[in-house]
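I have placed the structure first, in the form of structure tokens, so that the comments after it can refer back to it.
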Amino acid sequence: MKITKKQLKHAVAEEILSQDQADKLVTFLQAQPDTGPRFDFTHILYYLGGMLAIGAMTLFMNLGWEAFGGWGIVVISIIYGTLGLKMTGYFKRKGLAVPAGICATFVTALAPLAIYGLQQGLGMWPEGTAYKDYHHYIRWHWLYMELGTLAIGSIMAWKYRYPFLIMPVAATLWYMSMDLAPMLNDGKYDFEFKALVSMWFGVANILLAFWVDIRSRKSGDYAFWLYLFGVMAFWGGLTAQHSDKELAKFFYCLINLGLIGIGVVLVRRVFVIFGAIGCSLYIGHLASTVFKNSWFFPISLTFIGLGIVFAGVWWQKNEQTITRRVHSALPAVLSELLEQRAGDI
């Protein structure tokens, strides 16, 4: 949870803290290194400016860049990358972790553009496509750009250790899963096969995120972006699967309930959000198809909803006891991770 001045004021009023202790605590917290994002005007400016710069070199590229030719694009990418590295070093020396991480991410985002220019310059790029299509279409020949981005992103993340640097790495892994699907299927377009590849890639990415989460449990949140893209790929692939059997749709709901449970245990909202959307889709299916004209269905849902509310009340009363028992039965590393994530303030 976040500690606010209002909460400290209430603690003083309840005589839990003295006013002097509260003031010293505020001073101490404000002096801590600024390593993570906050929802304030300063951080909004950081991320707005950073995402505009990154978007300019990725999502918003147009055919005008083709006029520079392949080697021209490489040179421009190197100039931009050098500038980005210098700004990263400058902000790092100033102790400004968030803008330093954004600038380092900007350098990583230049990797596919530089590799595209290199392929153009060497005459290796196939006709009929341009860099502006990279973020819009699935093509097998993006793989060289993706592999290069993963390599550069991994080096940057190892060197600078900023959690935001994992974002382009996670996004590139997601892109790669989509571009690999046609290759694995002999170049044929098969929606169900692509959905299946996406689903299993999502599982692999979530497991990778969990491993990273354990390894980085005492430092920054390096697993956030891996979890985000992993859950998106898994849930998207799962939801795209088609079956006319009601039992399969029921299992879909159970899997989404499982996502909610995982999100609660790991303190990861992305699991809860997508799991809740999936459950809502299943309930919508029941309401519109299975129980289309049933008066009993909405009444049942009402009582189920109230039952969940009472379950929440029971959980609130017994949460600490249950948590202690569960943690005592888990491996020490996993128990430490859950305690760390649940105890973040």
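Here, each number is a calculation from the coordinates, and none is a lab measurement. Note that the coordinates shown come from a computational prediction; the quantities given were computed from them, not determined experimentally. Positions of Cβ are generated from backbone atoms using ideal geometry, with glycine treated the same way; all protein chains shown enter the neighbour counts.
Quick notes on this one:
- Relative packing of 259-270, 306-317, which averages over residues the other C-beta atoms within 10 Å, highest first: 259-270, 306-317
- Note on Lys92: aspartates and glutamates with a C-alpha under 20 Å away, same-chain residues under 8 apart excluded, are Asp34, Asp221.
- Long-range HN-HN contacts of Leu96 with modeled amide H, under 5 Å: none
- Semi-axes of the equivalent ellipsoid of the chain are 39, 33, 17 Å, computed as sqrt(5λ) over the eigenvalues of the C-alpha gyration tensor in descending order.
- C-alpha center-to-center spacing [region 65-139, region 268-283] in angstrom: 36
- In terms of its C-alpha gyration tensor, region 190-345 comes out oblate, because a/c is 1.5 or above while a/b does not outweigh b/c.
- Gyration tensor analysis over the Cα atoms of region 33-165 returns equivalent ellipsoid semi-axes of 29, 15, 13 Å (largest first, whole Å).
- Pairwise FRET efficiency - Ile16 versus Leu184, Cβ, R0 = 41 Å, nearest 0.05: 0.10
- Residue pairs, from the table Lys249/Lys292; Lys194/Lys245; Lys9/Lys218; Lys9/Lys94; Lys94/Lys218, whose Cα atoms sit over 25 Å apart: Lys9/Lys218; Lys9/Lys94
- The string of couplings for region 207-213 from the Karplus curve (6.51, -1.76, 1.60, θ = phi - 60°) is 5, 4, 4, 5, 4, 5, 4 Hz, one whole number per residue in order, with x for Gly and Pro.
- The gain in end-to-end length when the Arg161 to Arg93 segment is fully stretched comes to 23.1 nm, 0.36 nm per residue minus the alpha carbon separation.
- Using a Förster distance of 25 Å, the FRET efficiency for Arg269-Ile308 (Cβ separation, nearest 0.05): 0.85
- Fully extending the segment from Ala56 to His285 would add 78.3 nm, taking 0.36 nm per residue of separation and subtracting the current Cα-Cα distance.
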